[in-house]
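See structure below.
The values are calculated or read from the model by the stated rules, or taken from the named source; none is laboratory data. Owing to the predicted nature of the structure, the values given are computational and were not obtained by experimental measurement. Methodologically, a virtual Cβ is constructed for each residue, glycine included, from the backbone with ideal geometry; neighbour enumeration extends over all protein chains shown.
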Amino acid sequence: MSFPRWRAAGLALTVLAAAPAAALAHPRLVSSTPAAQSRTPPVAAVELRFSEALEPRFSTLTIAREAAGGPVAIEAATATAASDPKTLVARPKAPLAPGAYRVHWRVTSVDTHHIEGDFAFTVK
């Protein structure tokens, strides 16, 4: 009993069609510290964890005070921990004063896909 050619062709097309979907996946934000929409005590750093390893030279993170509208000075705009290339970290040069803040990020994964987003949090 032989395997029909049309079934073999259909199976091959199914496998080929599914392969690019996995290869074209984009990084996604998995979690953040502080969490989006949270009320938190002052933080020493803002950390974003993504689903894929990041390309540090092409990944940025900014923090702005919403009421004043200006950016917060940070030690390094793009810093990934060497032990965790999926994490982007920004450390403010001074403690964050109580108030509302907005984090904006734009990251490029090592497979060159990029995404961006933002979220807010409040320091108590």
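Take region 103-124 and flag every residue that is among the polar types (S, T, N, Q) and in a strand (DSSP E or B). Those that are among the polar types (S, T, N, Q) and in a strand (DSSP E or B): Thr108, Ser109, Thr122.
Taken over region 8-41, the residue count meeting the criterion of being modelled with pLDDT of 60 or more and either closer than 26 Å to Asp111 by Cβ or part of a helix (DSSP H, G or I) (or both) is 10.
Considering every residue within region 75-95, establish whether at least one is touching a Ser or Thr at 6+ places or on another chain (Cβ under 7 Å) and over 17 Å from Thr33 (Cα atoms). Looking for residues that are touching a Ser or Thr at 6+ places or on another chain (Cβ under 7 Å) and over 17 Å from Thr33 (Cα atoms), one finds none in region 75-95, hence no.
How many residues are of a type in the set (A, V, I, L, M, F, W, C) and crowded, with 17+ Cβ neighbours inside 10 Å if we restrict to region 36-61? Qualifying residue count for the region: 6. When Ala44, Ala100 are checked against the criterion of being in a strand (DSSP E or B) and among the small types (Gly, Ala, Ser), Ala100 stands alone in meeting it. Considering Thr87, Thr62, the condition of being within 10 Å of the chain's Cα centre (by Cα), modelled with pLDDT under 95, assigned to a strand (DSSP E or B) and of a type in the set (Val, Ile, Thr) is satisfied by Thr87 alone.
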